[in-house]
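Here's the structure, in structure tokens; my notes come after.
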Ligand code: XMP
């Protein structure tokens, strides 16, 4: 049972010192690898690890082909300013090969998990001689996985999976007692720029969690373009999280005066504190209209844009 530290209970300075000590003690004179995606959780863990063990930490960003537009370069650049060197590892082909033909949501998540931990990290860890993988699992990830709602890509021990046995390395999870609000407070205390610790959440399986059905390079590109529009237009809404989902069903529409059996994008924009429950944001209709206009203009093949108005539960934040 993991003991939760709520935002109210959290003493960020004390928490940081304790976790730095834990990391130092675990890694000793060895090497640890750190999986950075650029999200709030992994950015905070990267900074914690960097402060704790400096050059003994190798930080890698896995380019899985499922990230948002320009994400690898952006994350690399932001961390460079903080004195952290990020190695970008191109594994796009491996991920798309693993996802080929898979439409079931849990199988999709599992394919990504295996490719990430077993193949890509397994290889990096073997080559580097590292014994530890440092990552930003938080309590919400564990809760949802244990409850059987969604198998989060980064949860193992709570499911009875021993990473040491399965993958050959140990996983250190310094943020596991926190929720998103606590992680943000720690990020602020660590001196991360606001654009980093205020970033909206983005799931481990990345855009593959936002494509219903097979995640092919083409379909990922479609949802990537729609994501770009949504993030640009919703940037100042103050919402907890906003996203675009590519549906599998097609609907009749028209393009250039011709009938087109086109694709559909669903938009979600959530108000939430900790992602456990969420309600749709009451956005002005003008913003929704602007969004629809720009999506159909910028994303080829889209003839329908819808806005989700159901709450979590029974919905979840992501669609896959
Ligand atoms: P759901 O869709 O379960 O999402 O309501 C709750 C929050 O978690 C994020 N999410 C993930 N984060 N690995 C993560 O690190 C995952 O596999 C994953 N799946 C969902 C989601 O974006 C939301 O903020």
Counting all C-alpha pairs of the stretch 251-305, share separated by more than 18 Å (%): 46 percent
Using only C-alpha atoms and all pairs of different ones, pull out the Kirkwood radius for the stretch 211-307 in Å with one decimal. 14.0 Å
Say R0 is 35 Å: what FRET efficiency, to the nearest 0.05, do residue 286 and residue 22 get from their beta-carbon distance? 0.10
The stretch 12-197: relative contact order in percent, alpha carbon pairs under 8 Å with at least 6 residues between: 28 percent
Here the relative contact order (percent) of the chain, from C-alpha pairs under 8 Å and at least 6 apart, is 18 percent
Asserting the computed 222 nm helical MRE of the chain (DSSP H runs at least 4 long, -39500 (n - 2.57) per run, divided by residue count, to nearest 500) equals -11500 deg cm²/dmol
For residue 166 and residue 259 in the same chain, what is the full-extension length gain: residue separation times 0.36 nm, less their Cα-Cα distance, in nm? 28.3 nm
What nm distance separates the two modelled labels at residue 12 and residue 127, each placed 7 Å from Cα along Cα→Cβ? 3.6 nm
As a test, work out the antiparallel percent of DSSP beta bridges whose residues both lie in the chain, rounded to the nearest 5. 40 percent
Stokes-Einstein at 20 °C, 1.002 mPa s, Kirkwood radius from Cα pairs: D for the stretch 12-197 in µm² s⁻¹? 127 µm²/s
Rounded to the nearest 10 degrees, the helix 12-27 long axis (Cα) sits at an angle to the longest Cα principal axis of the chain of 70 degrees
Please compute the length gained on full extension between residue 110 and residue 73, using 0.36 nm multiplied by the number of residues separating them and subtracting their Cα-Cα distance. 10.6 nm
Virtual spin-label span in nm between residue 252 and residue 82, 7 Å along Cα→Cβ: 5.3 nm
Descending principal axes extents, the chain, alpha-carbon based, whole Å: 67, 42, 39
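Bear in mind that the values in this text are calculations on the coordinates, not laboratory data. Just so it is clear, the structure is predicted and the values come from calculations on it, not from any experiment. Neighbour counts run over all protein chains shown; Cβ positions are idealised from the backbone, glycine included.
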